[in-house]
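Report on one structure; see the data block that follows.
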Amino acid sequence: MKIYNTLTRKVEEFVPNNKECVTMYTCGPTVYHYAHIGNLRTYIFEDILEKTLNYIGYNVKRCMNITDVGHLTSDSDSGEDKMLKGAKREHKSVLEIAQFYTDEFKRDIEKLNIKWPEIVSKATDNIDMYIKIVKKLLDDNYAYISGGNVYFDTSKLLDYYKLTNHKVDDMVIGVRDGVEEDLSKKNQADFVLWFTKSKFDSQELKWDSPWGIGYPGWHIECSGISIKNLGEYLDIHCGGIDNIFPHHTNEIAQSESYLGHKWCNYWVHGEHLNDETGKMSKSKGEFLTLSLLENKGYSPIDYRFMCLNSSYRKVLVFSYEALNQAHDSYQKLKSKVKKLNRNNNEKLENDKILEYKKRFCDALESDLNTSLALTVIYDLLKEKINDSTKLYLIYDFDKVLSLDLLKEEEKKIDDELLKHINEMIVKRAEAKKNKDYNLADSIRNDLEKKGIILKDTKEGTIYEIK
Ligand code: AMP
Ligand code: ZN
């Protein structure tokens with residue numbers, strides 16, 4: 001399997017530390033608001049990566065954090081705590097906000113057929129681990145206390161910027177974010193490991209520590225949760241590209257200084273989904289959520305399908321036009337699959353199974369080329385192969401793609417509609433009896449517009465819902 005590694009800036013052959021079990025860490029949501037569909041694009045690509053690894057035979061142990069403390073409104077340790085901001089906005093406590101948006105996030109994940117990671121851990125449940133790491137970093141002189149906070153000293157590392165290919169000057173915190181500089185830091189790039197002093201005193205969640213009552217920095221949470229659950233040697237660490245700096249850069253700095261050796265071999269980042277105005281944001285009033293798309297009549301899988309049609313490494317610009325196109329293509333694909341005969345017992349064509357499985361694997365193994373993997377399905381549907389073989393392969397491929405290709409749509413029908421259909425069938429029968437064919441036709445047409453198809457059979461009129 002070949003995958004692009006941000007650390008080496010190359011597409012590389014994936015070789016795990018231990019073939020028996022691949023370890024994978026993915027940065028989770030900051031649960032102060034709904035996830036926007038950009039965030040969800042990242043979770044879709046991570047899901048494809050995990051399922052591809054499973055498909056080609058690896059066992060994957062995956063861990064994700066839930067950020068419920070410590071992520072400030074700027075990624076560079078400045079501004080207000082996002083959780084506190086969310087709590088104030090909704091006149092609730094931080095814990096209530098965290099629980100509510102974690103549940104909402106989980107619902108989005110399920111709707112998109114994303115597998116919930118095996119280990120999911122809340123930032124607030126691992127305070128002991130962060131304290132242990134920070135203590136050691138202080139003992140080993142990688143960290144210092146200043147102005148009441150504990151900072152990581154980036155000048156101690158020669159390769160602090162190894163994950164990014166940007167020039168050091170572009171990456172200096174404060175310059176990038178346009179925020180005022182923290183005068184307690186020794187070096188501009190230093191970052192907070194533990195806060196006891198903040199301009200925003202009303203921080204709700206605080207813990208005792210050897211450095212005073214306070215709370216952890218954002219970056220330490222991922223290092224702590226990952227090392228605690230997946231051990232000292234990590235195979236893959238994922239996130240969106242905005243995480244490369246400062247978040248992942250800082251995770252590497254503190255983890256490797258703490259462990260005394262290289263920590264993670266493959267850093268895999270997903271490009272962003274932008275809206276037509278540019279970067280997606282949650283601060284601009286109504287923003288693009290999965291529920292918003294559902295309210296407009298799209299299914300979550302339309303969106304998953306749209307994401308899989310592009311490379312995870314390319315910027316994707318969201319538009320309703322693009323989503324409409326995805327919706328139409330997805331429906332067409334589903335209806336082609338639906339036409340396959342599920343009730344025959346034709347012998348499976350093993351040579352074709354091998355050929356198509358290879359093509360499917362080749363596509364995914366070349367840096368998760370999901371659009372090529374979809375082309376393999378289109379080619380399969382076109383070729384003269386028996387339906388049993390096609391169905392077998394589609395079932396198999398959908399273990400990775402998770403597009404519900406074989407799932408029959410639930411027929412949404414409520415009691416009101418049922419009553420209405422039956423009344424119309426009776427009314428139409430009467431109209432026909434009275435030779436009022438215009439009325440009979442108009443009843444049929446009205447129902448058809450609602451997706452209800454009437455069929456006259458020997459046993460009477462029946463209906464089908466499209
Ligand atoms: P957050 O909840 O802000 O911590 O972000 C959750 C995940 O979404 C992280 O992996 C981010 O890198 C990722 N992310 C943030 N914005 C976008 C975007 N516009 N498109 C894709 N992924 C994003
Ligand atoms: Zn993280």
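State the extension gain, in nm to one decimal, for the chain segment bounded by GLU430 and ASN54, taking 0.36 nm per residue of separation less the distance between their alpha-carbons.
Numbers: separation 376, 0.36 × 376 = 135.36 nm, distance 5.95 nm.
Separation in residues times 0.36 nm, less the Cα-Cα distance, equals 129.4 nm.
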Margin query: At 0.36 nm per residue, and after removing the present C-alpha to C-alpha distance, how many nm does the segment from SER155 to ASN438 gain when stretched out fully?
Written below: 93.4 nm
Next item on the list: Based on the mean of other Cβ atoms within 10 Å per residue, sort peptides 91-103, 141-153 so the most packed one is first.
Entry: 141-153, 91-103
Next item on the list: Output the pairs from LYS314/LYS357; LYS51/LYS82; LYS61/LYS156; LYS357/LYS390; LYS358/LYS384 with a Cα-Cα distance over 21 Å in this structure; if there are none, say none.
Entry: LYS314/LYS357; LYS51/LYS82; LYS61/LYS156
Margin query: I need the shape label for segment 320-451. Rule: rounded when a/c is under 1.5, else prolate if a/b > b/c, else oblate, with a, b, c from the alpha carbon gyration tensor.
Written below: prolate
Margin query: Once you place label points 7 Å from the Cα toward the Cβ at ASP328 and ASN341, how far apart are they in nm?
Written below: 3.2
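Highest mean first, how do 218-226, 245-253, 230-238, 261-269 rank when packing is the count of other Cβ atoms within 10 Å averaged over residues?
Numbers: 218-226: 26.8, 245-253: 24.3, 230-238: 20.9, 261-269: 19.3.
Top to bottom by mean Cβ count within 10 Å: 218-226, 245-253, 230-238, 261-269.
Convex hull over the Cα atoms of segment 59-112, averaged projected area in nm²? It would help to have the intermediate numbers written out before the result.
Details: hull surface 20.7 nm².
Computed as one quarter of the Cα hull surface, the answer is 5.2 nm².
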Note to self: How would VAL192, VAL317, VAL69 line up from fewest to most surrounding beta-carbon atoms within 10 angstrom?
What the structure shows: VAL317, VAL69, VAL192
Next item on the list: Please give, to one decimal in nm, the separation of the simple spin-label points placed at ASN295 and LEU95, each 7 Å out from Cα toward the Cβ.
Entry: 3.1
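Kirkwood hydrodynamic radius for segment 64-157: how many Å is it when counted over pairs of different Cα atoms? Don't skip to the answer; put the middle values down first.
On the way: mean 1/r = 0.0637 Å⁻¹.
After inverting the mean inverse Cα-Cα distance, the result is 15.7 Å.
Please arrange THR457, THR389, THR52 by how many other C-beta atoms lie within 10 Å of their C-beta, fewest to most.
On the way: THR457 7, THR389 21, THR52 25.
Ranked by crowding around the Cβ, least crowded first: THR457, THR389, THR52.
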Margin query: How large is the Kirkwood hydrodynamic radius of the chain, counting all unique pairs of alpha carbons, in Å?
Written below: 25.1
Margin query: Using only the alpha-carbon atoms, how far is helix 37-55 inclined from the longest principal axis of the chain? Give it as 0 to 90 degrees, nearest 10.
Written below: 80
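Where does segment 214-326 land on Rg/Rh, using Cα atoms and the Kirkwood Rh? Display every interim value, and only then the final one.
Details: Rg = 17.8 Å, Rh = 16.6 Å.
That ratio equals 1.07.
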Margin query: If you fit an axis through the alpha-carbon atoms of helix 370-382 and take the longest principal axis of the Cα set of the chain, what angle between them do you get, 0 to 90°, nearest 10?
Written below: 20
Notebook entry, point to check: Roughly how tilted is helix 320-338, in degrees to the nearest 10 and between 0 and 90, from the longest Cα axis of the chain?
Noted result: 60
Margin query: Taking 37 °C and 0.692 mPa s as the conditions, I'd like the Stokes-Einstein D for segment 1-160 in µm²/s, using the Kirkwood hydrodynamic radius from alpha carbon pairs.
Written below: 179
Check: Hey, rough spin-label estimate for ASP456 and LYS162, points 7 angstrom out along Cα→Cβ, what's it come to in nanometres?
Finding: 7.9
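All of the numbers you see were taken from the coordinates with simple rules; none came from a lab. Model, not experiment: these values are computed from the prediction. Don't worry about glycine lacking a Cβ; one is built from the backbone with ideal geometry, like all the others, and counts go over all protein chains shown.
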